[in-house]
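K.L.:
Handing you this structure, nothing more for now.
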Amino acid sequence: MENIGLFFITVGAYFGLWSFLHRKKLTLKKAISALGIIAVLCAPFNISGNVWTVLGNASGKNVHSVFSVYQKANGNTVTLLGLGSYQRAGRNSIMGLGIAGYQRAGRNVVMGLGIAGYQRAGRNADTIIGIAGYQKAGEDAGIVIGVIGYQKTEENAYTVLGIAGYQKAGEDAEVGLGIAGYQKAERKTEIIAAIALYQKVGANDRAFAVASSLKNN
């Protein structure tokens, strides 16, 4: 029932947008044709519990799409493109390119290229290239190239190239090349070719650290 409701809402939204953009040359024939095409593109085709769609929004065992705003699954949610999207999965949530407002998964969360507002994962939360506002992970949280506002992990928090505002890790907090605002870890904080305003490991701390590795003695 949920997918039926999502289907009508999605088709209505896209058809409304299409009608607005073509309002000066709108005819009944064009409207019927456009509605049919939009309905096919937004249909959440369910194959043994696995949902496949081009532009639709859906829930299921696993949900795969080219572009989605809403995905919810017991297994995996995967979309190539997204815009302000919501993804929640029992296993993995993956977006290739776009803006993810909310990503949460029992295992791993991945943003390929874009902006991730909120990422929470039972295992790893990663943004490859882009901006991540909030990352919380049961194992590792990281960004390869970009800016991260807040990282909190049970194991390691890392930024390879970019700016990390706040890092709190159960084991290591690391920045390769860039700037770190606040780093706190139980085992080690490290900046390779970077500057950290403040580092704290156990009872040890440093301010305005440059190319610094601070360990818990």
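K.L.:
Which residues, counting only those in the stretch 181-205, are among the hydrophobic types (A, V, I, L, M, F, W, C) and closer than 12 Å to Gly165 by Cα?
P.N.:
Answer for the stretch 181-205, where residues must be among the hydrophobic types (A, V, I, L, M, F, W, C) and closer than 12 Å to Gly165 by Cα: Ile195, Ala196, Leu197.
K.L.:
Right, something else. Taking the condition of being assigned to a strand (DSSP E or B), of a type outside the set (Gly, Ala, Ser) and surrounded by fewer than 21 Cβ atoms within 10 Å (Cβ to Cβ), how many residues in the stretch 95-111 meet it?
P.N.:
Going through the stretch 95-111 one residue at a time, the tally reaches 4.
K.L.:
Now, a different point. Output the residue which, of all residues in the stretch 1-53 that are assigned to a helix (DSSP H, G or I) and of a type in the set (Phe, Trp, Tyr), is surrounded by the fewest Cβ atoms within 10 Å (Cβ to Cβ).
P.N.:
Result: Phe20.
K.L.:
Keeping to the stretch 47-95, report how many residues are hydroxyl-bearing (Ser, Thr, Tyr) and over 23 Å from Ala132 (Cβ atoms).
P.N.:
Looking only at that region, the number is 3.
K.L.:
Okay, moving on. In the stretch 138-161, which residue that is charged (D, E, K, R) and assigned to a strand (DSSP E or B) is surrounded by the fewest Cβ atoms within 10 Å (Cβ to Cβ)?
P.N.:
My answer is Lys152.
K.L.:
Taking Ser65 as the residue in question, decide whether it is at negative phi, over 11 Å from the mean Cα position of the chain (by Cα) and of a type in the set (Ser, Thr, Tyr).
P.N.:
Considered against the rule, which asks whether it is at negative phi, over 11 Å from the mean Cα position of the chain (by Cα) and of a type in the set (Ser, Thr, Tyr), Ser65 comes out as yes.
K.L.:
Does the stretch 148-165 include one or more residues that are within 13 Å of the chain's Cα centre (by Cα), modelled with pLDDT of 95 or more and hydroxyl-bearing (Ser, Thr, Tyr)?
P.N.:
Scanning the stretch 148-165 turns up no residue that is within 13 Å of the chain's Cα centre (by Cα), modelled with pLDDT of 95 or more and hydroxyl-bearing (Ser, Thr, Tyr).
K.L.:
Further question on the same structure: Looking at (1) more than 30 Å from Ser65 (Cα to Cα); (2) among the β-branched types (Val, Ile, Thr); (3) surrounded by fewer than 17 Cβ atoms within 10 Å (Cβ to Cβ), find the lone condition where Val201 falls short.
P.N.:
Against the list (1) more than 30 Å from Ser65 (Cα to Cα); (2) among the β-branched types (Val, Ile, Thr); (3) surrounded by fewer than 17 Cβ atoms within 10 Å (Cβ to Cβ), Val201 comes up short only on (3).
K.L.:
Quick one: which residue in Glu190, Glu174 is in a strand (DSSP E or B), within 21 Å of Gly130 (Cα to Cα) and not hydrophobic (A, V, I, L, M, F, W, C)?
P.N.:
Glu174
K.L.:
Being surrounded by fewer than 24 Cβ atoms within 10 Å (Cβ to Cβ), closer than 30 Å to Gly36 by Cα, modelled with pLDDT under 95 and within 13 Å of the chain's Cα centre (by Cα): is that true of Leu83 here?
P.N.:
Against the criterion (surrounded by fewer than 24 Cβ atoms within 10 Å (Cβ to Cβ), closer than 30 Å to Gly36 by Cα, modelled with pLDDT under 95 and within 13 Å of the chain's Cα centre (by Cα)), Leu83 qualifies.
The values are calculated or read from the model by the stated rules, or taken from the named source; none is laboratory data. Please read these numbers as outputs of a predicted model, since none were measured by experiment. When we count neighbours, we look across all protein chains shown, and the Cβ atoms used for this are built from the backbone with ideal geometry, even at glycine.
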